[in-house]
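The values are calculated or read from the model by the stated rules, or taken from the named source; none is laboratory data. Everything quoted here is computed from the prediction, not taken from an experiment. Cβ atoms come from the backbone with ideal geometry, glycine included; neighbour counts cover every protein chain shown. These area figures cover heavy atoms from the full protein model, side chains too; ligands, DNA and RNA do not enter into them. Shrake-Rupley method; radii C 1.70, N 1.55, O 1.52, S 1.80 Å.
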Amino acid sequence: MEAALWTLLSFVFVAFGTGALIPEPEVKIETLHKPFICKRKTKLGDMMLVHYEGYLEKDGSLFHSTHKHNDGQPTWFTLGINEVIKGWDKGLVGMCVGEKRRLIVPPSLGYGKEGKGKIPPESTLIFNIDLVEIRNGPRSHESFQEMDLNDDWKLSKEEVKMYLKKEFERHGAVVNDSHHDTLVEDIFSKEDEDSDGFISAREFVYTHDEL
């Protein structure tokens with residue numbers, strides 16, 4: 001017994017001494033249905049339209065359903081920008097339209113120690129998620145290419161201003177040059193990290209709603 005205890009303690013000391021860490025909990029992914037044809041898979045930055053049902057693992061009780069609690073309407077969100085729980089950001093990458101997944105999300109990737117609404121603290125959650133539609137997100141690679149008019153992999157103030165004008169017009173909003181100038185200056189003050197007068201692809205991060 002004593003020898004076994006010392007073996008265990010030795011393992012612990014070696015683990016700490018070598019900097020070994022306990023692996024972080026991961027979301028478990030089960031594919032319930034996958035379409036025969038998949039023209040596009042979700043990636044970080046994409047906007048996703050989904051129907052879902054959420055259950056508590058401990059008793060199987062339903063805490064939310066878009067079919068029942070959202071007037072029967074699916075919901076939009078952007079993948080990978082902390083708009084949803086970490087379990088979704090990790091578990092919904094590479095998904096096809098028409099695909100259905102079941103995610104088992106540990107508390108650390110869900111609502112943690114605080115819980116939320118009908119979800120008690122430290123709850124493991126089960127989600128059944130149907131992907132209805134994928135669109136390019138405001139910070140996707142495709143959006144960057146759309147804004148980068150001369151294909152030089154950086155955005156000038158003029159390119160950003162032209163994009164803003166186009167988006168305002170597309171949504172029927174009044175185009176105000178002075179307002180756009182102010183927006184552009186604000187965007188560059190926050191995103192042009194090296195102050196070279198351009199926003200590079202690396203600097204094009206998921207932070208501003210203006211873009």
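Evaluated against (1) among the acidic types (Asp, Glu); (2) over 13 Å from LEU125 (Cα atoms); (3) out of contact with any strand residue (DSSP E or B) (no Cβ under 7 Å at 6 or more places or on another chain), GLU83 falls short on exactly one condition, (3). Evaluated against (1) at negative phi; (2) assigned to a loop (DSSP other than H, G, I, E, B), GLU53 falls short on exactly one condition, (2). When only residues in the stretch 97-128 that are part of a strand (DSSP E or B) and among the basic types (Lys, Arg) count, which is least open to solvent (accessible area, probe 1.4 Å)? Checked the stretch 97-128; the qualifying residue least open to solvent (accessible area, probe 1.4 Å) is ARG101. Here the stretch 20-72 is the region considered, the condition is being open to solvent by 80 Å² or more (accessible area, probe 1.4 Å) and of a type in the set (Val, Ile, Thr), and the residue that is farthest from ILE119 (Cα to Cα) is ILE37.
Mind checking whether some residue in the stretch 83-92 is among the basic types (Lys, Arg) and closer than 24 Å to CYS38 by Cα? Among the residues of the stretch 83-92, at least one is among the basic types (Lys, Arg) and closer than 24 Å to CYS38 by Cα, which makes the answer yes.
Step by step: first the residues of the stretch 172-206, then only those that are in a loop (DSSP other than H, G, I, E, B) and among the aromatic types (Phe, Trp, Tyr), then the one that is modelled with the lowest pLDDT. Which residue is that?
The extreme case among them is TYR206.
Hey, among GLY60, GLY45, which residue is in contact with a Lys or Arg (Cβ under 7 Å, 6 or more places away or on another chain) and either at positive phi or part of a strand (DSSP E or B) (or both)? Every option except GLY45 fails the conditions.
Tell me which residues, restricted to the stretch 129-158, are open to solvent by 20 Å² or more (accessible area, probe 1.4 Å), under 29 Å from LYS41 (Cβ atoms) and not in a loop (DSSP other than H, G, I, E, B).
Residues satisfying the conditions are ASP130, VAL132, GLU133, ILE134, ARG135, HIS141, GLU142, GLN145, GLU146, LYS154.
Of all the criteria given as (1) over 12 Å from ILE129 (Cα atoms); (2) surrounded by fewer than 18 Cβ atoms within 10 Å (Cβ to Cβ), the one not satisfied by GLY80 is (2).
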